[in-house]
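The values are calculated or read from the model by the stated rules, or taken from the named source; none is laboratory data. Keep in mind that this is a model prediction, so the values were computed, not measured. Quick reminder, even Gly has a Cβ in these numbers, built from the backbone with ideal geometry, and neighbours come from all protein chains shown.
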Amino acid sequence: MSETTNDANDVKPAEEAAPESAPQAAASVPREPVRLRIAPAIAIVVLHFAVLAFTLYLPTVIGNAIGIVGMPFLASLLLAVWWLAASRAPWRDRAIGVAAFVIVAVWIVISQQQYQARILSVALPVLTTGTVLILAATMRSRWESQRAKVLYFFIACAVLFPMFRIDDVAGNLAPNMSWRWRATPDELVVSSAKPGGSAAVPQKPGPQDWPAFRGPARDGVLRGVAINTDWNANPPKERWRKRVGLGFSSYAAIGNYLFTQEQRKDDEVVVCYEADTGNEVWINSLPVRFDEAVGSGPRATPTFEDGKLYTQGALGHLQCLDAATGSTIWKADIAADTEAGLPQWGFASSPLVTDKHVITFTGGKGDKAVIAYDKATGTKAWCGGATAPGYSSAHLATIQNVPQVVVTSGYGVQAFDPATGAILWGNEWKTNMNPRVVQPMVVDFGRGILVGTAEGKGTRYLQIAQSDSGWSATEKWTTRQFRPYFNDYVQHKGYCYGFDGDVLTCIDWATGYRRWKGPHFGGQLLLIENSDALIVLSEKGEVVLVKTNPSIYEEVAKFKAIEGKTWNHPVVANGKLFVRNAEEAACYDLPA
């Protein structure tokens, strides 16, 4: 009886059991797992890198703008559209994801002390590509696990990127970054010049000296000297290496002395070094500093003439110094004298010294783009030229047997009488985005001028003629197969060797036809005329020996010369190769 009663009490009517079992049945139905539609995101990332590869074949300025600036933002926008509209993520997570991405990106920008937004050209591709790779690699995991991994990745980026600082930008506009706690190059320079130091500088340059920007004729050519080009068997040997201050200046080399300009902390300095040892002899300092995203410090190269040194700083301070002691003889402010505003990338013109004047480009207002001073006293002599931005230097040329100063700028090209500043001839060929930087080149025994231009416009050959009615500059050809920006070029035996963007290129200067294209180097070069050889100093600090063969690119040898971004022109003088950038300098003995 007791067992029967217990069994009966354990049995409940169906109508009583149903209310309790219904919720249990509903709770046992599994929630549908989140499966992202990842294919569109992968396609966007692949498109991003495909466009980056394609930009290598575009004009350098346009390609850099698309690849380094445009595509990171476009890819981020496309991925945001995919995430919000087609990812299949829960709506709450979609909103949180976009907010987290924006917060991290903004935090990375504001964590930088200078050039803040430029870090996005690196941070955005890392954030977008990293996120898509994590989601793709974990697509079979639970959504909660995927979401957590992306969150950890965002946190890692928010911690890691502020540990870096932007020092400057490379030739492709991508930022050059270093650890925030690492000392800047100009902070590492220790001056060794003793007060009252003096150099036994000759009054006149010797036959193997390099007295000015791009050499004796300011055309990047060393004449009358041959070098051993068998560098594989007998490579150049390092003589010395040392830290130097910031700047894009090159060297003037006279006897056993080198002269250059640097930024050392808050001082813009002109320095004299011993060529054999690299030891400092004297320093001339001005308490000024120029900072810009492409690089801080002075841009111009000193010019040596009759025992004096003429220098121009990035803020427009033109000086005449005693080359033996570095003492200032006279000083002028070209910005004030021409009402020129500070150019975006600083005053970059290396002073040109003629019989009576020192001449420089300013881009000043009211037909004051070029200014000349009495080289002995610093008294203003004349101004002239169309107001236009530019970073080229005045070039002394003999055209149709008449000496004249040729200047390129955003206006085009103009030629001046060195004594009076009167304009002899001009050719208007304006630039829109990027002012001209490269030097004009005199060809055809003084009957023609090559004018190089970036932003895809190319190079123009102007035929210069003089008649009873005056001078004329007639376009002979314009080619888009050679588009130099800030990398200068040289000519040899009827051919021009230089950079189409950052690609080493050879063209026939008589026709403008391209003969060959070599590697992506960037940087600068010079010609050893008697050896039929080019010495290329690449943007990566490599020295490359290339034969001047118009039929094919012929590389002889290559070695790493200095560390850091290198835009400074190389110098060969008295059997030595001198290279520098904004971090270090080195001297190499060339094989005999």
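Suppose we keep only residues that are modelled with pLDDT of 95 or more and of a type in the set (Gly, Ala, Ser) within the range 481-509. Which one would you say is nearest to residue 462 (Cα to Cα)?
Checked the range 481-509; the qualifying residue nearest to residue 462 (Cα to Cα) is 494.
Restricting to the range 339-395, name every residue that is charged (D, E, K, R) and outside any loop (DSSP other than H, G, I, E, B). Working first, answer last.
Step one: filter the range 339-395 for residues charged (D, E, K, R), giving 339, 355-356, 365, 367-368, 374-375, 380.
Across the range 339-395, the qualifying residues are 368, 374, 380.
Run down 522, 518, 494, 512 and say which single residue is in contact (Cβ under 8 Å) with a residue 60 or more places away in the chain and not hydrophobic (A, V, I, L, M, F, W, C).
Values: 518 fails: in contact (Cβ under 8 Å) with a residue 60 or more places away in the chain; 494 fails: in contact (Cβ under 8 Å) with a residue 60 or more places away in the chain; 512 fails: in contact (Cβ under 8 Å) with a residue 60 or more places away in the chain.
Just a single option satisfies the conditions, and that option is 522.
Between a residue in the range 354-371 that is among the charged types (D, E, K, R) and any residue that is crowded, with 23+ Cβ neighbours inside 10 Å, which pairs come within a Cβ distance under 6 Å, given they are 6 or more apart or on different chains?
Taking only residues 6 or more apart or on different chains, the pairs are 368/338.
Is there a residue in the range 156-178 that is among the hydrophobic types (A, V, I, L, M, F, W, C), part of a helix (DSSP H, G or I) and within 29 Å of residue 313 (Cβ to Cβ)? Give the derivation first.
Of the residues in the range 156-178, the ones among the hydrophobic types (A, V, I, L, M, F, W, C) are 156-161, 163-164, 166, 169-170, 173-174, 177.
Those still in the list that are part of a helix (DSSP H, G or I) too: 156-161, 163.
Keeping just the survivors that are within 29 Å of residue 313 (Cβ to Cβ) gives none.
No, the conditions are met nowhere in the range 156-178.
Residues of the range 128-155 being part of a helix (DSSP H, G or I) and surrounded by fewer than 13 Cβ atoms within 10 Å (Cβ to Cβ), which ones?
Our first condition is that a residue be part of a helix (DSSP H, G or I); within the range 128-155, this holds for 128-137, 143-155.
Once the filter is applied, which keeps residues that are part of a helix (DSSP H, G or I) and surrounded by fewer than 13 Cβ atoms within 10 Å (Cβ to Cβ), the range 128-155 yields 137, 144, 145, 152, 155.
If I filter the range 312-335 for residues that are in contact with a Ser or Thr (Cβ under 9 Å, 6 or more places away or on another chain) and either more than 29 Å from residue 204 (Cα to Cα) or not assigned by TED's automatic domain parsing to the domain that holds residue 213 (or both), do I get at least one hit?
Taking every residue of the range 312-335 in turn, at least one turns out to be in contact with a Ser or Thr (Cβ under 9 Å, 6 or more places away or on another chain) and either more than 29 Å from residue 204 (Cα to Cα) or not assigned by TED's automatic domain parsing to the domain that holds residue 213 (or both).
Determine which member of the set 298, 287 is more than 15 Å from residue 359 (Cβ to Cβ), surrounded by fewer than 19 Cβ atoms within 10 Å (Cβ to Cβ) and not small (Gly, Ala, Ser). Before the answer, list the steps.
Working: 298 fails: surrounded by fewer than 19 Cβ atoms within 10 Å (Cβ to Cβ).
Of 298, 287, the one residue that is more than 15 Å from residue 359 (Cβ to Cβ), surrounded by fewer than 19 Cβ atoms within 10 Å (Cβ to Cβ) and not small (Gly, Ala, Ser) is 287.
Of the residues that make up the range 553-567, is at least one in the same structural domain as residue 455 (by TED's automatic domain parsing), in contact (Cβ under 8 Å) with a residue 24 or more places away in the chain, part of a loop (DSSP other than H, G, I, E, B) and touching a helix residue (DSSP H, G or I) at 6+ places or on another chain (Cβ under 9 Å)? Break it down into steps so the answer makes sense when it comes.
Initially, the range 553-567 is screened for residues in the same structural domain as residue 455 (by TED's automatic domain parsing), giving 553-567.
Keeping just the survivors that are in contact (Cβ under 8 Å) with a residue 24 or more places away in the chain gives 553, 555-557, 559, 561-562, 564-567.
Still in the list and also part of a loop (DSSP other than H, G, I, E, B): 553, 561-562, 564-567.
Cutting the leftovers down to touching a helix residue (DSSP H, G or I) at 6+ places or on another chain (Cβ under 9 Å) gives us 564.
The answer is yes; a qualifying residue exists.
Go through the range 268-317 and give me each residue that's in a strand (DSSP E or B) and either modelled with pLDDT under 95 or among the hydroxyl-bearing types (Ser, Thr, Tyr) (or both).
273, 285, 303, 310, 311
With the requirement that a residue be closer than 19 Å to residue 454 by Cα, in a loop (DSSP other than H, G, I, E, B) and of a type in the set (Gly, Ala, Ser), what does the range 473-515 give you?
501, 512
Within the range 439-490, how many residues are on the phi > 0 side of the Ramachandran plot and among the charged types (D, E, K, R)? Walk me through how you get there before you give the answer.
Filtering the range 439-490 down to residues on the phi > 0 side of the Ramachandran plot leaves 444-446, 455-456, 458, 470.
Keeping just the survivors that are among the charged types (D, E, K, R) gives 444, 455.
Residues in the range 439-490 being on the phi > 0 side of the Ramachandran plot and among the charged types (D, E, K, R): 2 in total.
What residue, of 94, 118, 88, is at pLDDT below 95 and more than 35 Å from the chain's Cα centre (by Cα)?
Working: 94 fails: at pLDDT below 95; 118 fails: more than 35 Å from the chain's Cα centre (by Cα).
None of the other options fit; the residue is 88.
Quick check: is even one residue across the range 262-284 of a type in the set (Ser, Thr, Tyr) and closer than 30 Å to residue 548 by Cα? Write out each step before concluding.
Step one: filter the range 262-284 for residues of a type in the set (Ser, Thr, Tyr), giving 273, 277.
Adding the requirement that they be closer than 30 Å to residue 548 by Cα leaves none.
No, the range 262-284 contains no residue that is of a type in the set (Ser, Thr, Tyr) and closer than 30 Å to residue 548 by Cα.
Which members of the range 411-454 meet the condition of being in a loop (DSSP other than H, G, I, E, B), more than 22 Å from the chain's Cα centre (by Cα) and surrounded by 18 or more Cβ atoms within 10 Å (Cβ to Cβ)?
411, 418, 421, 429
Please specify each residue of the range 93-134 satisfying the condition of being within 20 Å of residue 180 (Cα to Cα) and in contact (Cβ under 8 Å) with a residue 60 or more places away in the chain.
In the first step, residues of the range 93-134 are kept if they are within 20 Å of residue 180 (Cα to Cα); the result is 104-124, 126.
Within the range 93-134, 114, 115, 118 meet the criteria.
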